[in-house]
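Here the structure comes first, spelled out in structure tokens, and everything after it is commentary.
The values are calculated or read from the model by the stated rules, or taken from the named source; none is laboratory data. All values reported here derive from a predicted model rather than from experimental measurement. Every residue, glycine among them, receives a Cβ derived from its backbone with ideal geometry; neighbour counts consider all protein chains shown.
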Amino acid sequence: MDIPNQVYLEEAYELLSELEDALIEVEQRPDDKDLIDRIFRAMHTLKGSGAMFGFNDIAEFTHTIETVYDYVREYKLTVNKYLVSLTLSACDQIKAMLDVFQGRGTVDESEVNSITDEFLKLIPGDDENALSGPIDSSRSGSNKDEGGHKVTYRIRFIPHENLFKNGTNPLLLLNELRAFGENRIICHIQNIPDLRDIKPESCFVSWDIILTTSREINEIRDVFIFVEGISDISIDVIDEADIEEQDYKRIGEILFDRGDITLKDLELILSKQKLIGEMFVESGAVDQTQVASALVEQEHIRTIRKKNRTTGDNTSSIRVASDKLDSLVNLVGELVTVQARLIQFSATQKNPDLTAIAEEVKRLSTGLRDNAMGIRMMPIGTTFAKFKRLVRDLSTELGKEINFTTEGAETELDKTVIEKLGDPLIHLIRNSIDHGVESPDMRTAAGKPPQGSIRLSAVHSGASVLISVHDDGAGLDADVIKAKAIDKGIISPDVALSEKEIFELILAPGFSTAQNVTCVSGRGVGMDVVVSNIESFGGSVFISSKKGLGTTITLKLPLTLAIIDGLLVTIGGDYFVIPLGTVVECVELSKEDKRRAHGRHIARVREEIIPYIYLRKLFCINGSQPKIEQIVITEINDRRVGFVVDNVIGQHQTVIKNLGKVLKNVEGVSGATIMGDGAVSLILDINKLFLLAGIDESKNFTEKAVGMY
């Protein structure tokens, strides 16, 4: 795919996401001018850039929508639920057009035409020129400067030489600025080389634009949205309509402000005439110390103002293909492995110089590793924003009133974890809307406000992130859940379960409390998929509920899937790694402890009975057992289980390697890592080991778990 088209597609998808977010917010605040302006600018950019890069179908489609929102900005139309729903449907069609360009899906032309006709009906009938003339990417929806407070901007547009290679025509950008108001455009051609040296595919000219308009500075920036990375652009306010000063800056000040001359150049010219301070001293009005004091004050203010300008958030960002990022992390992982080997080798040589070098390499590789992992971290807010549309559409379909809120959008997670998180969260939120929150009539009868609430939150917790979906609905009924589980044969009628264990039955495959199958739920497919997806990357699911008050489902997720902290253990001559996030503590297991347990695999740890599993027997590892073994006590879903190993080596930074296609289905092992001496160590999957050890669907230990191993 051409680079210009790829750039447009990436920007367009981001604009559509921002557009959906603004539309859902403006439905709640229809008089918010900033939100309306955001919607208009997004549509305008989609249209203008679409025409510039050859996406004419998108440009033509969005032209009508942009015109309607221009009338909204002029207070000739008002925002209502119908307009928001129609615009959201238009966003879906624009996404379909973008997908088709990438070879995915199709576009329903009849639906596009129907949406266009509906927007046309909204345009006031007395405006004959609203949609006349061809679509021009250089013109705004209104094609006129608006009334109101006018500001004069100085815009300096200096394209890089490779601008034309991006498919950009700078004249279209200048024409778009002309439509904003009264302007003066100055073209600088001094950098054009001689004819024999000129490169036709390179840009050697730049422009200064003086523009007086009532448009906001963000609208002007949007004109340059697709050339920011390949141009130097500055936009400065140089005059406002309410400033009554008659005199403007002197020529020297203007040239200096623009950067055309340096302070040294200005001082050189001014040195040819007497300084005003010298003239005051010569006249006897002030003495030299007073002038020196004034100069100090002037310099101090200049320094403070300069510091205020430069201490802002100047962080910029770049787009990097995900495969390049994955390659970087893989290389860093290899470096960490080599560094571990170097440390181990230096320890055997007893050479102070080699040890010092190894320690320095360790310090640098650790910093590089942390930096590379930090690059993969992304705020989860981008994922949270996608669910606002889901809640709006589904609550409308089910006739429910729901206030959807999010917390902790700035919480960061590995991009790989975020990518796998979308589907589980969609199902949890759909369940909360369908099963959790009651209808307005039922809520009113129960003494609740008719509008229910769903809160999606994220928070860091040690080496994990907790993501919770909470609703204030009817909550879970333990009696109904248990009866349904017995009816489906998931548990036997005589089994004794705690309320927490009963709640966890909804995670079983095929379980559903819905009386009727709907388009949303009721088939018993979903919660078990959520659990399997979350557990597939080392996460776990917790459920808490109060009847009549609501339900909270919490996902505990690892921060990253590339490098984890692990506990290194040995069994026989083999190394194994247990994820440190699941480890509670380690205790010794002697022959006397076994004798007191009378053959049952349980240990008493501070008055708590902990069942344990022999990994040596589970993995069929031969060899003699040490006199004193170690129990590594782990915790999953508030349940503790011990794993017996020969020795505990200690904490280990583990670079996760896939097992490959041949071994990917091996149960109880989630991956492997390479040790410092080149040996391979298997990473244990604690969730799967729980099941292998004989924990049934209700998460109770069977005789197999406690006695057979």
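Results, tabulated for the structure shown:
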{"read-out": "All positions within region 187-200 that are out of contact with any Pro (no Cβ under 9 Å at 6 or more places or on another chain), surrounded by 10 or more Cβ atoms within 10 Å (Cβ to Cβ) and assigned to a loop (DSSP other than H, G, I, E, B)", "value": "191, 192, 193, 198"}
{"read-out": "Long-range neighbours under 6 Å by Cβ, at least six apart or interchain, first residue at pLDDT below 90 and of a type in the set (D, E, K, R) within region 409-435, second crowded, with 22+ Cβ neighbours inside 10 Å and assigned to a helix (DSSP H, G or I)", "value": "414/376; 415/376"}
{"read-out": "Flag for residue 341 being at pLDDT below 85, surrounded by 11 or more Cβ atoms within 10 Å (Cβ to Cβ) and not assigned by TED's automatic domain parsing to the domain that holds residue 679", "value": "yes"}
{"read-out": "Looking only at region 662-686, and only at residues there that are touching a helix residue (DSSP H, G or I) at 6+ places or on another chain (Cβ under 9 Å) and under 15 Å from residue 337 (Cα atoms), the one that is modelled with the lowest pLDDT", "value": "676"}
{"read-out": "Candidates 64, 78 - the one that is part of a helix (DSSP H, G or I), of a type in the set (Val, Ile, Thr) and outside the structural domain of residue 228 (by TED's automatic domain parsing)", "value": "64"}
{"read-out": "Considering residues of region 604-616 that are in contact (Cβ under 8 Å) with a residue 24 or more places away in the chain and out of contact with any Phe, Trp or Tyr (no Cβ under 6 Å at 6 or more places or on another chain) only, the residue nearest to residue 640 (Cα to Cα)", "value": "610"}
{"read-out": "Residue under evaluation residue 158, criteria (1) out of contact with any strand residue (DSSP E or B) (no Cβ under 7 Å at 6 or more places or on another chain); (2) modelled with pLDDT of 85 or more; (3) surrounded by fewer than 18 Cβ atoms within 10 Å (Cβ to Cβ); (4) among the aliphatic types (A, V, I, L, M), criterion not met", "value": "(1)"}
{"read-out": "Yes/no for residue 94 being among the aliphatic types (A, V, I, L, M) and more than 22 Å from residue 15 (Cα to Cα)", "value": "no"}
{"read-out": "Matching option when the condition is within 22 Å of residue 551 (Cα to Cα), in contact with a strand residue (DSSP E or B) (Cβ under 7 Å, 6 or more places away or on another chain) and touching a residue at least 24 places away in the same chain (Cβ under 8 Å), among 458, 474, 485, 478", "value": "458"}
{"read-out": "Region 178-208, residues that are within 19 Å of residue 227 (Cα to Cα), among the hydrophobic types (A, V, I, L, M, F, W, C) and modelled with pLDDT of 85 or more", "value": "203, 204, 205, 207"}
{"read-out": "Scan of region 465-483 for residues that are surrounded by fewer than 17 Cβ atoms within 10 Å (Cβ to Cβ) and not aliphatic (A, V, I, L, M), ordered by number", "value": "477, 479"}
{"read-out": "Residue within region 388-406 that is surrounded by 15 or more Cβ atoms within 10 Å (Cβ to Cβ), at pLDDT below 90, closer than 24 Å to residue 329 by Cβ and within 29 Å of the chain's Cα centre (by Cα) present", "value": "no"}
{"read-out": "Residues that are part of a loop (DSSP other than H, G, I, E, B), among the small types (Gly, Ala, Ser) and modelled with pLDDT under 50, drawn from region 687-709", "value": "698"}
{"read-out": "Top-ranked residue of region 91-120 - restricted to ones that are part of a loop (DSSP other than H, G, I, E, B) and of a type in the set (S, T, N, Q), ranked as surrounded by the fewest Cβ atoms within 10 Å (Cβ to Cβ)", "value": "106"}
{"read-out": "Filtered residues of region 47-69 (kept if at pLDDT 85 or above and either of a type in the set (S, T, N, Q) or buried (at least 23 other Cβ atoms within 10 Å of the Cβ) (or both))", "value": "61, 62, 63, 64, 65, 66, 67, 68, 69"}
{"read-out": "Lone qualifier among 261, 220 - being surrounded by 12 or more Cβ atoms within 10 Å (Cβ to Cβ), at pLDDT 65 or above and not assigned by TED's automatic domain parsing to the domain that holds residue 44", "value": "220"}
{"read-out": "Helices (runs of 4 or more DSSP H) lying entirely in region 371-481 (those with 2 or more residues that are within 24 Å of residue 23 (Cα to Cα))", "value": "381-385, 387-398, 415-431"}
{"read-out": "Subset tally (residues that are under 30 Å from residue 479 (Cβ atoms) and modelled with pLDDT under 85) for region 541-586", "value": "0"}
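Yes/no per residue for (1) free of Cβ contacts under 8 Å to residues at least 12 places away in the same chain; (2) among the acidic types (Asp, Glu); (3) within 20 Å of residue 458 (Cβ to Cβ):
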site: 535; (1), (2), (3): no, yes, yes
site: 543; (1), (2), (3): no, no, yes
site: 546; (1), (2), (3): no, no, no
site: 549; (1), (2), (3): no, no, no
site: 552; (1), (2), (3): no, no, yes
site: 565; (1), (2), (3): no, yes, no
site: 578; (1), (2), (3): no, no, no
site: 588; (1), (2), (3): no, yes, no
site: 593; (1), (2), (3): yes, yes, no
